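Enquirer: One structure, as structure tokens, below. Some questions next.
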Amino acid sequence: KIIDVMASFTTKSWWYPNRKKVLDLIKSINIISFTQNIIHDEYIKKINQSKIFVTENGTYNCLNMKFTEVLSCGTFLLANKPEDFDDVGLKDGEHLVIYNDFKDLKDKINYYLKHDNEREEIAKNGMNFVRKNHSNAKRIQEMTEIIQKEIL
């Protein structure tokens, strides 16, 4: 992995008022970072090249696609805690790491860049958990069960 920290997301201030602050914080640290907006294959390639991916959940503070995209790639995820976090079975410190504020985010970036084994173990756990519990096949199975229950 050649990128220390990646944060690639929209920064529309009305929807994600703190994402610009996240980008500014990352750029203020003396690390190799990637903060451009990219899509499709290039996006996945950059995630896989990154040691840490940082996200911020936005105004409604709910899970976003970054959780499954990043974790399924086996990349370590730092995120603020969404309100529906506990509903999907993810565990802080086991599958990803939650930051509480910008100082905590900076401290955790610095910590996990220095602790490769711990970071990689959490990333591996997150990847295995998401691939087992949040795959497309799992979602199709759950939707099929809901539809069958409602129709029958």
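The values are calculated or read from the model by the stated rules, or taken from the named source; none is laboratory data. Just so it is clear, the structure is predicted and the values come from calculations on it, not from any experiment. A quick note on method: Cβ atoms are made from the backbone with ideal geometry, for glycine too, and the neighbour counts reach across all protein chains shown. Note: accessible area is taken over every heavy atom of the protein model, side chains too, but ligands, DNA and RNA are not part of it. Shrake-Rupley method; radii C 1.70, N 1.55, O 1.52, S 1.80 Å.
Enquirer: With the condition being over 18 Å from L105 (Cβ atoms) and polar (S, T, N, Q), I'd like the helices (runs of 4 or more DSSP H) fully within the range 1-91 carrying at least 2 qualifying residues.
Expert: Working: elements: 19-28, 40-49, 65-72.
Passing ranges, in order: 40-49, 65-72.
Enquirer: Follow-up. Does any residue of the range 131-150 turn out to be aliphatic (A, V, I, L, M), closer than 23 Å to E56 by Cβ and assigned to a helix (DSSP H, G or I)? Write out each step before concluding.
Expert: Just the residues of the range 131-150 that are aliphatic (A, V, I, L, M), to begin with: 137, 140, 143, 146-147.
Within this subset, residues satisfying the condition of being closer than 23 Å to E56 by Cβ are none.
No, the range 131-150 has no match at all.
Enquirer: If you scan the range 81-98, which residues turn out to be in contact (Cβ under 8 Å) with a residue 40 or more places away in the chain and not aliphatic (A, V, I, L, M)?
Expert: Going through the range 81-98, the residues in contact (Cβ under 8 Å) with a residue 40 or more places away in the chain turn out to be 88-89.
Within the range 81-98, G89 is the sole residue that qualifies.
Enquirer: When the range 1-16 is examined, which residues are found to be surrounded by 17 or more Cβ atoms within 10 Å (Cβ to Cβ), of a type in the set (S, T, Y) and over 21 Å from R119 (Cα atoms)?
Expert: Selection gives T11, Y16.
Enquirer: Also: Considering the range 17-35 alone, what residues qualify as being at pLDDT below 90 and either open to solvent by 40 Å² or more (accessible area, probe 1.4 Å) or in contact with a helix residue (DSSP H, G or I) (Cβ under 9 Å, 6 or more places away or on another chain) (or both)? Before the answer, list the steps.
Expert: Within the range 17-35, the first condition is being at pLDDT below 90, and the residues that meet it are 17-20.
Scanning the range 17-35 gives P17, N18, K20.
Enquirer: While we're on this one: If I ask for residues that are without any contact (Cβ under 8 Å) to a residue 60 or more places away in the chain, open to solvent by 20 Å² or more (accessible area, probe 1.4 Å) and closer than 14 Å to K1 by Cβ, which ones from the range 45-63 would you list?
Expert: So the first thing to find is which residues in the range 45-63 are without any contact (Cβ under 8 Å) to a residue 60 or more places away in the chain, and the list is 45-50, 53-63.
Subset that is open to solvent by 20 Å² or more (accessible area, probe 1.4 Å): 45-46, 48-49, 59-63.
Those that are without any contact (Cβ under 8 Å) to a residue 60 or more places away in the chain, open to solvent by 20 Å² or more (accessible area, probe 1.4 Å) and closer than 14 Å to K1 by Cβ: K45, K46, N48, Q49.
Enquirer: So, one more: Please find, within the range 127-152, the residue that is surrounded by the most Cβ atoms within 10 Å (Cβ to Cβ) out of those that are within 22 Å of N64 (Cβ to Cβ) and basic (K, R).
Expert: R131
Enquirer: Kindly check whether there is at least one residue in the range 116-126 that is open to solvent by 40 Å² or more (accessible area, probe 1.4 Å), in contact with an Asp or Glu (Cβ under 9 Å, 6 or more places away or on another chain), modelled with pLDDT of 95 or more and under 21 Å from A7 (Cβ atoms).
Expert: No, the range 116-126 contains no residue that is open to solvent by 40 Å² or more (accessible area, probe 1.4 Å), in contact with an Asp or Glu (Cβ under 9 Å, 6 or more places away or on another chain), modelled with pLDDT of 95 or more and under 21 Å from A7 (Cβ atoms).
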